[in-house]
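I have placed the structure first, in the form of structure tokens, so that the comments after it can refer back to it.
Nothing in this text is a laboratory measurement; each read-out follows from the coordinates by a stated rule. Everything numeric here is computed off the predicted structure, so don't read it as measured data. When we count neighbours, we look across all protein chains shown, and the Cβ atoms used for this are built from the backbone with ideal geometry, even at glycine.
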Amino acid sequence: MNKYEIRVMLVTGCVMIIFLFALLYNAFSRKIDVPSCVPYSKIFEHPQLKKIDDTTYELYVVAQMWAFAPDEIDIPTGSTVDLFLTSKDVVHGFNIDSKAVNLMAVPGGVNTATIKFTEPGTYNIVCHEYCGAGHQNMLGKFVVKDE
Amino acid sequence: MKISSSLKRVILTEFILPLTLLIIGIYHGLMQVFYRAGVIHQASVMHLSYYQGLTLHGVINAIVLTTFFAVAFGHVTVTFYLKKEPPKLSYIVSLWLMVIGTLMDAYAMLTGKAQALYTFYAPLKDSPVFYVGTAILIIGSWTAFFGWLKIWFQWRREHPRTRMPLAILGTFVNFIIWVVCTLPAAYSTIVLLTPWSAGWVATVNVPLTRMLFWMFGHALVYFWLLPAYVMYYTILPKVAGSKLFSSNAGRLSFLLFLILSVPVGVHHQFSEPVFTPGTKFFMAILTYGVAVPSFMTAFNIAATLEYAGRKQGSKGWLGWMLHLPYLKSKNFLFGYLICGLILFIFGGLSGIVNASYSLNAVIHNTAWVPGHFHMTVAGPVFLSIIGMSIYLYAKLSGKDIKYKYFATVVPYIWMIGLVFFSHGMMAGGLMGEPRRTNLGMSYTNPESPLFNNHWVPTTTSTLIGGIIMTTAALLYFISFFATVFSKPVREQVLELPVSEDLHHEKPLPILMNMKPWLVVMFILILFAYIPALREVFKYSSSVKAKYDVESPVLIQDSVNVKNAGQVK
């Protein structure tokens with residue numbers, strides 16, 4: 001192989017390694033990571049919003065054809081929400097506007113993420129996985145208000 | 001070379017049948033951009049719903065067309081380079097199985113018995129006819145490969161000191177990947193989904209079926225792509241008036257595809273539960289690894305094209321780009337290959353974003369994703385398929401290509417359309433526009449409470465792109481079918497442009513022996529998927545779920561009723 005070719009392979013290898021370290025840096029230092037695992041249990045099939053303290057909430061969302069339960073979640077600005085998501089029937093999606101929270105709701109599995117709302121406003125939750133004839137109407141929202 | 005009329009008929013059928021079905025596939029592509037742009041605010045047009053159309057678009061364009069072409073092109077390369085025909089039984093049985101499988105799928109999709117899209121995610125239920133049909137189509141493609149293996153081993157005994165031709169290596173790498181990756185898909189469809197769909201079992205482990213699907217689903221994209229790579233390495237240099245810069249590098253990139261194509265599927269599932277971040281990160285690393293052979297190909301082909309430009313007297317660093325044989329109807333194949341390559345630059349780069357672990361959360365399942373993969377599968381893959389189909393059809397049937405100026409301009413028009421299309425999709429995706437959604441019913445309907453005005457300009461760009469692409473496809477169909485219905489005017493031959501090497505390279509022993517690469521392939525698959533499989537069983541459970549797309553009520557079949565009785 002000629003020298004330019006070897007150089008090009010080295011350069012691409014290095015670029016990919018830089019990208020990988022950027023991902024690791026975000027995962028460990030800035031806590032930007034992919035969802036991790038929670039063992040499945042039926043208790044996640046009961047939708048509820050639990051207040052843990054003034055700024056911390058635990059939220060159990062259940063996706064089903066063709067709505068989220070609860071479909072409107074009211075919380076004060078500055079709250080941190082620990083979200084647990086599952087589905088009662090088919091696979092659904094859960095993508096929050098303007099937040100890099102993008103999850104799949106899979107029956108028989110529990111997805112989880114931690115979300116911090118620092119700005120007041122309405123954040124739509126779009127179902128982005130095809131879930132049947134009513135898929136395009138499946139929208140929930142977070143309403144974040146100053147107290 | 002001359003080939004037997006039975007093989008010729010089989011190959012010609014494998015071009016005509018999928019390209020005829022493609023008319024349905026493209027029609028539904030066009031309809032989708034109308035729905036998405038909010039031009040149509042309905043669930044269905046002419047009794048076919050948006051989602052049925054989407055299922056047809058995906059299955060016909062991405063599974064039927066690509067599989068038929070890979071098999072037909074495989075017959076061509078193997079026969080041409082080994083100067084031997086595959087066993088008649090293998091190619092006849094292969095064609096019949098593929099046709100039967102396709103007809104079963106088409107029946108299930110057109111009657112609405114299968115509309116869970118081409119990914120057929122459980123617990124949305126498709127008819128068993130669809131699952132079995134897809135499996136038969138795949139088994140048909142294996143049968144062709146087994147025939148090629150037989151003549152390959154014969155050829156090797158007769159030519160002990162000759163290198164494996166690069167085109168044969170590419171074709172074999174492709175079909176080894178294909179056989180390996182379709183095993184999990186076959187297991188999922190035949191063992192898990194068919195009995196569940198037929199009503200013999202009530203439960204299904206959804207995360208398991210998804211993992212098995214993506215074990216197949218990502219390798220599938222390389223199965224689409226590698227025939228195009230075979231053309232880039234063995235045909236493009238010739239039609240560009242050049243010589244291949246390095247065939248050793250070409251061999252290495254095919255072998256890298258062999259080891260890295262399968263153990264990367266979880267990168268489609270970064271947003272899902274049941275896999276630990278460790279498993280996800282490992283597959284992100286391997287996915288970055290599979291970008292390397294594409295970068296190498298980009299360099300190799302660019303160097304090849306630069307040589308062509310310089311031979312024509314180009315000056316400066318980039319002057320060669322202007323001295324290539326664009327828009328020459330004598331050399332129309334060049335247009336299909338170069339336009340595909342240009343699109344693939346952007347398709348590949350956006351793919352790295354998708355593969356990037358946590359960054360995927362910004363674009364997962366948004367319109368960005370189809371924006372990306374249309375620049376790969378509707379770029380180099382599709383353009384090389386339709387370009388090569390018409391080229392080989394004309395040679396094999398001894399006909400002149402009709403409306404050749406149409407066939408010549410098609411790839412350029414298609415490329416311009418695709419730029420508008422993918423730009424709209426990707427820009428919308430970055431603003432959260434979901435993929436696979438009948439936006440016209442809600443998000444792009446001003447009368448709906450869900451109306452979102454940010455997605456109007458993006459879907460409009462998609463609409464413009466879709467219309468331009470359909471225009472290009474129409475011109476292609478006119479040229480192709482006019483050729484099909486014309487009379488033969490010359491001898492019928494099987495002929496491919498054959499490229500030479502620019503440098504005389506010493507054969508590297510490691511690139512001449514596939515065995516160590518196959519071993520590495522299996523080790524990587526085990527390393528990637530044993531942890532993934534353990535996590536699926538640790539963190540998920542089977543659920544009693546079976547749903548029709550039309551109704552949120554659990555489908556009651558005999559198994560459900562019986563189990564309910566036992567609980568009482």
Taking the Cβ of residue B:91 as the center, what net charge do the other residues with Cβ under 11 Å away carry, scoring Lys and Arg +1 and Asp and Glu -1? +1
So which chymotrypsin sites (Phe, Trp or Tyr not before Pro) in region A:112-147 end up in coil per DSSP with only 14 or fewer other C-beta atoms within 10 Å? none
XL table A:31/A:116; B:243/B:328; B:395/B:506; Cα-Cα > 23 Å flagged, in table order, is B:395/B:506
Only counting other Cβ atoms within 10 Å, I'd like A:81, B:239 sorted with the fewest neighbours first. A:81, B:239
Would you mind ranking B:530, B:24, B:363 so that the residue whose beta carbon has the fewest other beta carbons within 10 Å leads the list? B:530, B:24, B:363
Region B:98-170 versus region B:315-341: alpha-carbon centroid distance in Å: 34 Å
Quick check: the distance between the Cα centres of region A:14-77 and region B:354-417, to the nearest angstrom? 38 Å
Let me see the P(r) profile for region B:293-420: every Cα-Cα distance counted, bins of 5 Å, each bin given as a percent of all pairs. 2, 10, 16, 18, 18, 15, 10, 6, 3, 1, 0
Report the charge-dipole magnitude of chain A in Debye, nearest 20, computed about the Cα centre from +1 at each Lys and Arg Cβ and -1 at each Asp and Glu Cβ. 580 debye
Please give the calculated 222 nm ellipticity per residue for chain B, where each DSSP H segment of at least 4 residues contributes -39500 (n - 2.57) and the sum is spread over every residue; nearest 500 deg cm²/dmol? -22000 deg cm²/dmol
Please list the helices of chain B that count as membrane-span-like by this rule: a mean Kyte-Doolittle hydropathy of at least 1.6 together with Cα atoms stretching 24 Å or more along the helix axis, each helix being a complete DSSP H run. B:166-186, B:333-355
I'd like the distance separating the alpha-carbon centroids of region B:474-516 and region B:2-59, in whole Å. 25 Å
What does the charge count around residue B:360 come to, taking other residues whose C-beta lies under 15 Å from its C-beta (Lys +1, Arg +1, Asp -1, Glu -1)? 0
How big is the dipole moment of the protein assembly as shown about its Cα centre under a simple scheme where the beta carbon of each Lys and Arg is +1, that of each Asp and Glu is -1, and everything else is neutral? Debye, nearest 20, please. 2840 debye
Is there a quick way to get the dipole size of chain B? I mean about its Cα centre, with the Cβ of Lys and Arg at +1 and of Asp and Glu at -1; what is the value in debye to the nearest 20? 1380 debye
Helix A:3-29 vs. chain A, principal-axis angle (Cα, 0 to 90°, nearest 10): 30 degrees
With the convex hull built on the Cα atoms of the protein assembly as shown, state its orientation-averaged projected area in nm². 31.8 nm²
